[in-house]
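The values are calculated or read from the model by the stated rules, or taken from the named source; none is laboratory data. Because the structure is a prediction, the values reported are computed rather than measured. Note that we place each Cβ from the backbone using ideal geometry, even for glycine, and neighbour counts take in every protein chain shown.
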Amino acid sequence: MLSKSSEVATRAFSSIFKSIIAVLITQHATCQEASSISSDIVTLKLISKREVVRRLSPHERNLQLFQSDSLYQGYGTHYVDLWVGTPVPQRQTVIVDTGSSITAFPCFGCKGCGEDYHTDKFYDYSASQSFKTSQCGDCVLGSCASDQCHLSMSYAEGSSWNAFEAKDLIYTGGPHDEAQTVDMHDPNNFEFELSFGCQNKITGLFITQLADGILGMSRSQHGTFWYQMYKAGKIKKKVFSLCFSRQPVAERKGTGAGVMTMGGTDATLHRSPMVFANDKGSTFYTVHVEAVYLRSNGGESASVDVNSNLDHSVHKIDISEKTLNGSPIIVDSGTTDTYFNRNIMEP
């Protein structure tokens, strides 16, 4: 999502680096094959988790704990399917956000929370046999108030939400329009109990966005989705990877636009060698920017079409490396904007 008011200084330059994240495209657990249909779009043929489990030997099941899920295009963001509750899981679509740590979505009873804008009805926890409200002694994400764990988050552009903390069995991915038919309680599958925010109030862009909620994927080990999945033993490595593509239109029924893989990456699908950023010790994915360039006549790809008649010459902007990195710069998959250090405005 857009920058939190308390994090404006750290949430800079995010959109430029989405193409870097996109290198990490994976297909381990639910993808049968990937084929490039243009220079920038990759489509995936999906197979069920039941087929994946059947094809793996017991030894492979212990070693290959990966899961790949389709990403869908929202309004400037990418989201994934989160299936919540038992015995019949309910779909909640959530924006994959490397700039925040908490997973949250509207629950039944949320007033004025944009149900008509979102892909799904509000989550009805009364229909889930595995739903639990977190009590004060069990708060993982929030703090105790009125004998209940409460959460809240606000954003720089004015959006905010309030929620109470809850737990339920969840899994991601699978068929987009119906719950997974395979028994998700099989230990070889990826269902686990997630602590999340059950939203009872939302404002701003959270009301009108296409996705129902948000998936917290920051580097924090305090309640992030990937870390809870790791702690539950569903992935063996503290690794996830994202591939983003872009389609002309985002449809309510779902517009495929990439892949999220939990537990690893698939280097066979990389178009170029991985480039790693130095660990800055932050709770965000911090990078160091050496320079910024602009290309004549724009374009949607960093590559240059040699057959084009347009001038695609590249121009380096006269900004010092020190000025560019005056405040921490992070990769934030949940924002549509790029923020620069305000010092670049000075002559």
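Points worth noting:
- Failed condition for Gly258, given (1) touching a Cys at 6+ places or on another chain (Cβ under 7 Å); (2) at negative phi: (2)
- Ala179 of a type outside the set (Asp, Glu), at pLDDT below 95, assigned to a loop (DSSP other than H, G, I, E, B) and within 22 Å of Tyr72 (Cα to Cα): yes
- Subset tally (residues that are of a type in the set (Gly, Ala, Ser), touching a Lys or Arg at 6+ places or on another chain (Cβ under 9 Å) and surrounded by 15 or more Cβ atoms within 10 Å (Cβ to Cβ)) for the range 103-151: 2
- Matching residues, the range 329-345, being out of contact with any His (no Cβ under 8 Å at 6 or more places or on another chain) and either at pLDDT 85 or above or in a strand (DSSP E or B) (or both): Ile330, Val331, Asp332, Gly334
- Test: residue in the range 136-154 that is polar (S, T, N, Q), at pLDDT below 90 and in a loop (DSSP other than H, G, I, E, B): yes
Residues are listed down the side, and each one gets a yes or a no for (1) in a loop (DSSP other than H, G, I, E, B); (2) in contact with a strand residue (DSSP E or B) (Cβ under 6 Å, 6 or more places away or on another chain); (3) modelled with pLDDT under 90; (4) within 17 Å of Leu71 (Cβ to Cβ):
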position	(1), (2), (3), (4)
Ala211	yes, yes, no, yes
Ile214	no, yes, no, yes
Arg219	yes, no, no, no
Trp226	no, yes, no, yes
Ile235	yes, yes, no, no
Leu242	no, yes, no, yes
